[in-house]
Amino acid sequence: MGQVQDGGQDGRRTRLAERALELEAIHELVNEVGAGDGHCLALLGPPGIGKTALASVAAGLARANGVSVGRVAGEPLGRDQPFSAARELLQPLVDQLSSADRATVLSGAANRAGDLLGWGAERSPGQAPADLGAVVHSLYWLIANLAERDPVLLIADDAHLFDGPSLRLLTYLAGRLDGLAVGLLVTCEAPGSGPEGHVLDGLLDDLRVELAELAPLSAPAVASLVRSRLAADADDEFCRACYQAGGGNPFRTVELLVALGDAGVDPSGSSAAALAAIGGWRPGRVALQRL
């Protein structure tokens, strides 16, 4: 595929503050997938640290470079349904194919995957398969068959909320990406998190998986955020108070700035003292009135 091209706004390396290394890793992931060399990148960090924003950059970058994208976000309600995350991840990629292409990618060892996705004869989508290991193997071959047509980037966002069988598929796939035009981008909280943490650890412990732990934003980065989103003339002391209140968490900081902006808070040193006294990153109505 050659050198990766930025994919519009979602692909710009400068869009996210202090994420140069992570963005470089995402560019390299897409570049390798386009060249037919599979790779898995896992982004770790607490809620609000920017994992989903980076996943969106990866999706836009992949599409801009001719790479098909499958994406799913974990949610607690889906954990009781085996392969619910895997189904949501892969079904759109299969559904968009012509009848002839669909029959090809679901042939041979991928046949059981067709049953799970509702394109087979044995069961309707949503019904739990009896042999989980066989279905994992079949889903792997479905992914390999899809990659024979076009490079594929699979994005598993908030994987710590996935059902166990879907996590087993990701673990199985991560160890078998050599020679496949398949990229796997996983975002999750700390190792061991979620009800299936032991399964997730099996993925993160694989030495073939590249790990990137997202750090909080620095005080200067938060100050830049305050001045770009709230007030260009924001006081240094006020910027420091915003940094302390948000803890360098991008989502929390932006939420705080939105609340402060809606309340018409003056970004001055006196407001900084009040903000420090209140504490917390999302002040309520009473707290904003005090400010």
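The values are calculated or read from the model by the stated rules, or taken from the named source; none is laboratory data. Only a predicted model underlies this, so the values are computations on that prediction, with no experimental measurement involved. Cβ sites come from the backbone with ideal geometry, for glycine too, and all protein chains shown count toward neighbours. SASA here: full protein model, heavy atoms, side chains in, ligands and nucleic acids out. Shrake-Rupley method; radii C 1.70, N 1.55, O 1.52, S 1.80 Å.
The set of residues from the stretch 178-198 being open to solvent by less than 10 Å² (accessible area, probe 1.4 Å) and in contact (Cβ under 8 Å) with a residue 60 or more places away in the chain comprises VAL182, GLY183, LEU184, LEU185, VAL186, THR187, CYS188. Pairs are defined by a Cβ separation below 7 Å, a sequence spacing of at least 6 or placement on different chains, a first member in the stretch 133-153 that is buried (at least 21 other Cβ atoms within 10 Å of the Cβ), and a second member that is of a type in the set (Phe, Trp, Tyr); the pairs so defined are VAL135/PHE83; VAL136/TYR172. Tallying residues that are part of a loop (DSSP other than H, G, I, E, B) and at pLDDT 80 or above within the stretch 78-135 yields 11. A Cβ distance below 7 Å, combined with a sequence gap of six or more or placement on separate chains, defines the contacts here; from the stretch 84-96, residues that are open to solvent by less than 40 Å² (accessible area, probe 1.4 Å) reach residues that are of a type in the set (Val, Ile, Thr) and in a helix (DSSP H, G or I) in the pairs VAL94/VAL105. Take the conditions within 27 Å of LEU61 (Cβ to Cβ), in contact with an Asp or Glu (Cβ under 7 Å, 6 or more places away or on another chain) and among the β-branched types (Val, Ile, Thr) and apply them to THR187. Does it pass? Considered against the rule, which asks whether it is within 27 Å of LEU61 (Cβ to Cβ), in contact with an Asp or Glu (Cβ under 7 Å, 6 or more places away or on another chain) and among the β-branched types (Val, Ile, Thr), THR187 comes out as yes. Can you tell me which residues in the stretch 159-200 are of a type in the set (Phe, Trp, Tyr) and part of a loop (DSSP other than H, G, I, E, B)? PHE162 - this is the single residue of the stretch 159-200 that is of a type in the set (Phe, Trp, Tyr) and part of a loop (DSSP other than H, G, I, E, B).
LEU200 fulfils the conditions (1) modelled with pLDDT under 95; (2) in contact with a Lys or Arg (Cβ under 6 Å, 6 or more places away or on another chain); (3) within 24 Å of THR52 (Cβ to Cβ); (4) not hydroxyl-bearing (Ser, Thr, Tyr) except for a single criterion, (2). Take the residues of the stretch 201-212 that are in contact (Cβ under 8 Å) with a residue 60 or more places away in the chain and part of a loop (DSSP other than H, G, I, E, B): which is most open to solvent (accessible area, probe 1.4 Å)? Filtering first and then ranking leaves ARG208. Which pairs do you get when a residue that is open to solvent by 50 Å² or more (accessible area, probe 1.4 Å), found in the stretch 253-270, comes within reach of a residue that is not aliphatic (A, V, I, L, M) and not in a helix (DSSP H, G or I), reach meaning Cβ atoms under 8 angstrom, with the pair 6+ apart or on two chains? Hits for this filter: GLU255/TRP281; GLU255/ARG282.
Between ALA53, ALA42, the distinction of being in a helix (DSSP H, G or I), within 15 Å of ILE155 (Cβ to Cβ) and either among the basic types (Lys, Arg) or at pLDDT 95 or above (or both) belongs to ALA53 only.
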